[in-house]
Amino acid sequence: MTENNNQPMELHPLCTYFPRMSEDEFNALKDNLQHNGQTHPIYTLDGMILDGGNRYRALSELGIDPVMIEYTGSNPTQFILSSNLLRRHLTQGQSAAIVSASQSWVNAQAASHSGNTAQLDTATARAKQSGVGHRTQQLADKLIKEAPAELVKEVIDGKKSLNKAIKEISPPKIVAPKPVPVAEESQETQSSETVGLNSIVDEQQGADADNHVMLKVFESDDSVSESIDEVNKLTELNKILNVRINELVAEKEEAIKTANYWKDKFLALEAELNQGITT
């Protein structure tokens, strides 16, 4: 039906998830409408424009009364997605983000609009709707869930790629270094080196006790106060070194375990290979 309404209408939230036309695209639309007239109706819902926001704006600027139809279906989300995803020039990131944002709106309205469901409750279903890969759709879901509205709009409008936006909301992961296999050493050598390191630790701890006694004596003499400060610094440094030595001992033991593990794996594979050759 045709409605004469001079009052500007607002866009339905679902309609706003699609980017507005560029200036050149909009001017081309106006020229087409002026010369050929309106060939597609504008759909409305709840007093707002559900589909055809660009056409409505162009016709308003041209002073032409738009042809508008009230949407009476039960799934406006599916309707607007199906009507716009294929006919608009969108990147995969834009399409995925629009589908995710639309479903997010549906979820938020579920309490008061129980029948308004896009049936896109899984990433697989959303990927099928947007026409992108499953991984791309998962990234879009993450964007809609975690990113601020301004960043989401930049992706939907095509001003920023989906991958770049994801990097902005995902801090770099700190990867712990993997144990490096070391050459096998004899158990006797391993034990002697471990004992040697432990002896160093014991000697330094004994020196700490002696230093503590000496500090008590020196504290009564004002002439050695500066020396006491220096000894305190050296004592703290000695404690740090002790901790580092203990860490090195632990790292060495872990490296030995890793080497033994890979040795056993190699021997097992070698045995399998030899058995295969003999058979």
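The values are calculated or read from the model by the stated rules, or taken from the named source; none is laboratory data. In this text the structure is predicted, and so the values were computed from the model without any measurement. Quick reminder, even Gly has a Cβ in these numbers, built from the backbone with ideal geometry, and neighbours come from all protein chains shown.
So here's what we get for this one:
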| quantity | calculated |
| --- | --- |
| Number of the condition not met by Thr258 [criteria: (1) modelled with pLDDT of 80 or more; (2) loosely packed, with under 13 Cβ neighbours inside 10 Å; (3) not charged (D, E, K, R)] | (2) |
| Count - residues of the range 137-162 that are surrounded by 20 or more Cβ atoms within 10 Å (Cβ to Cβ) and hydroxyl-bearing (Ser, Thr, Tyr) | 0 |
| Check on Gln34, out of contact with any strand residue (DSSP E or B) (no Cβ under 9 Å at 6 or more places or on another chain) and under 20 Å from Val155 (Cβ atoms) | no |
| Residues located in the range 146-162, provided they are assigned to a helix (DSSP H, G or I) and either among the β-branched types (Val, Ile, Thr) or in contact (Cβ under 8 Å) with a residue 24 or more places away in the chain (or both) | Val152, Val155, Ile156, Leu162 |
| Which numbered condition Met68 misses (of (1) closer than 29 Å to Leu151 by Cα; (2) touching a residue at least 12 places away in the same chain (Cβ under 8 Å)) | (1) |
| Neighbours by Cβ (under 9 Å, 6+ apart or cross-chain): first from the range 76-87, not assigned by TED's automatic domain parsing to the domain that holds Asp46; second surrounded by 16 or more Cβ atoms within 10 Å (Cβ to Cβ) and among the acidic types (Asp, Glu) | none |
| Any hit, the range 5-28, residues being in a helix (DSSP H, G or I) and among the hydroxyl-bearing types (Ser, Thr, Tyr) | yes |
| Residue within the range 133-143 that is closer than 23 Å to Leu45 by Cα, at pLDDT 90 or above and assigned to a helix (DSSP H, G or I) present | no |
| Filter result for Val99 (at pLDDT below 90, within 20 Å of Thr124 (Cα to Cα), β-branched (Val, Ile, Thr) and in contact with a helix residue (DSSP H, G or I) (Cβ under 6 Å, 6 or more places away or on another chain)) | no |
